[in-house]
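Have a look at this one.
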Amino acid sequence: MSRQIGIDLGTSNTLIYKDKGIALRAPSVVSVDRYTHEVIASGRAAKKMLGKTPGNILALRPLKDGVITDLEVTSLMLRDFFTRLDMTSFFSRPSALVSIPYGVTEVERRAVEDATMEAGAKNVGLIDEPIAAAVGAGIRVSKARGAMLIDLGGGVSEAAVISLGGIVQSNSLRTAGDELDLAIVNYLKQTRNILIGEITAEILKKRIGTAIPGIDRGSMEVCGRDLHTGLAATIEVRTDEVREAMQEPLWEIISMVKQTLEETPPELSADIFDLGIVMVGGGSLLPGIDQAIHKQTGIRVIVAKKPIDCGCLGLGRMLRSTGGDFSEFIRYKVK
């Protein structure tokens, strides 16, 4: 009997569910030899190489905006993850259930299937990410009651209204964690004449970033390149600067949430008002983001426990369901 695994394949991070828990959490990064295409490192070790590699090594992020941009490199990365978990052998290959953003094209779906098969999976099932995340967050998605989920990932922000095991209304935006990092880079470039890398910007966002005024997380020293002299320079960046830098992409995300609510049928809107909005994904950990959405929508916003893990935990719950029958959670066949 082949082993079943769940793969939450994200732009920033990949999580793999195996047996009874999450067996692997790793950045979606792989470094390969430019000439032989052999994997040198993957995950956290490869992420440390971004922007620092010599000419013969490529450190790559093979996913962008929630979809695969390089099929070969994605399969190499997944194969390395499978090897770490001792998932593949000559006699045994795993069956994989993979979550993908809602509304992706058939070509993008096929790319996920092909990459997972080439990495060593025996067969592949695809399921919409909002459904998997909702199950992982503890939402009873199969009930005839509307529930709204906001998934703020690295490449895609999604807002979905779920009822009777399906997605009734959904909007997605390719403005998410990566765009917030880029906004910080551009802000410091324009206002402080300092160029920093996206990895440094991500650290700034996580350590001192906030979505609303009134939350002061202090300041942080960063090193970058002075655009006037071309030399290395160190500056101190404050919380309010990081917040100001992220205002435009954050407003785009909030506007997308409001649009989804406006397009939701009235009966489901009443359910959402009673139950509140559930937030998952790494972006939901930004201090004040729940308050900002509540202020604009008037609806209570709840950040799920372990928001980064929800998608993968949802896949795990589905895999553990009797005989792989997902009818407890969804009313349509897994694509």
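The values are calculated or read from the model by the stated rules, or taken from the named source; none is laboratory data. Please read all numbers here as calculations on a predicted model, not as lab measurements. Every residue, glycine as well, gets a Cβ built from its backbone with ideal geometry; the counts of neighbours run over all protein chains shown. For the accessible areas, the whole protein counts, side chains as well, though only heavy atoms, and no ligand, DNA or RNA atoms are used. Shrake-Rupley method; radii C 1.70, N 1.55, O 1.52, S 1.80 Å.
How big is the chain on each of its three principal axes, counting only the C-alpha atoms and giving the largest first in Å?
Between the extreme Cα coordinates on each principal axis of the chain lie 64, 55, 31 Å.
Same structure, new question: Order these peptides, 5-13, 255-263, by their mean beta-carbon neighbour count within 10 angstrom, highest first.
5-13, 255-263
Right, next: Could you let me know the centre-to-centre spacing of the range 11-76 and the range 225-245, using Cα atoms, in angstrom?
Going from one Cα centre to the other spans 29 Å.
Using amide H atoms built 1.01 Å from N in the peptide plane, name the residues 5+ places from residue 24, or on other chains, whose amide H lies under 5 Å from its own.
16
Let me ask another. In the range 1-155, carbon and sulfur make up what percent of the accessible area (probe 1.4 Å)?
Roughly 49 percent, rounded to a whole number.
How large is ³J(HN,Hα), in whole Hz, for each residue of the range 41-46 in order, when computed from phi with the Karplus curve 6.51 cos²θ - 1.76 cosθ + 1.60 and θ = phi - 60°, using x for Gly and Pro?
Listing the rounded values in order: 7, 9, x, 4, 5, 6 Hz.
How big is the antiparallel share of DSSP beta bridges in the chain, given as a percent to the nearest 5?
70 percent
Which whole-Hz ³J(HN,Hα) couplings does the range 141-154 yield from phi under the Karplus relation 6.51 cos²θ - 1.76 cosθ + 1.60, θ = phi - 60°, glycine and proline marked x?
Calculated HN-Hα couplings, in order: 6, 7, 6, 7, 8, x, 9, 10, 10, 10, 10, 9, x, x Hz.
Dividing the Cα convex hull volume of the range 105-218 by residue count, how many Å³ per residue is that?
178 Å³
Explain nothing, just the number: relative contact order of the chain, from Cα pairs under 8 Å at least 6 residues apart, as a whole percent.
Dividing the mean separation by the residue count of the chain yields 19 percent.
Of 20/48; 206/306; 18/48, which pairs sit farther than 18 Å apart, going by alpha carbon to alpha carbon?
20/48; 18/48
Starting at the first residue of the range 84-92, write each ³J(HN,Hα) from the Karplus equation 6.51 cos²θ - 1.76 cosθ + 1.60 with θ = phi - 60°, in whole Hz, x for Gly and Pro.
3J(HN,Hα) across the range 84-92, in whole Hz: 4, 8, 6, 8, 10, 8, 5, 9, 9.
Using the Cα gyration tensor of the range 48-112, with a ≥ b ≥ c the square roots of its eigenvalues, what is the shape: rounded (a/c below 1.5), prolate (a/b larger than b/c) or oblate (neither)?
In terms of gyration-tensor shape, oblate.
How many Å² of accessible area per residue for the range 45-163, probe 1.4 Å?
In whole numbers, the range 45-163 has 41 Å² accessible per residue.
Report the accessible area of residue 168, computed with a 1.4 Å probe over the heavy atoms of all protein chains in place, in Å² rounded to the nearest 10.
The accessible area comes out at roughly 70 Å².
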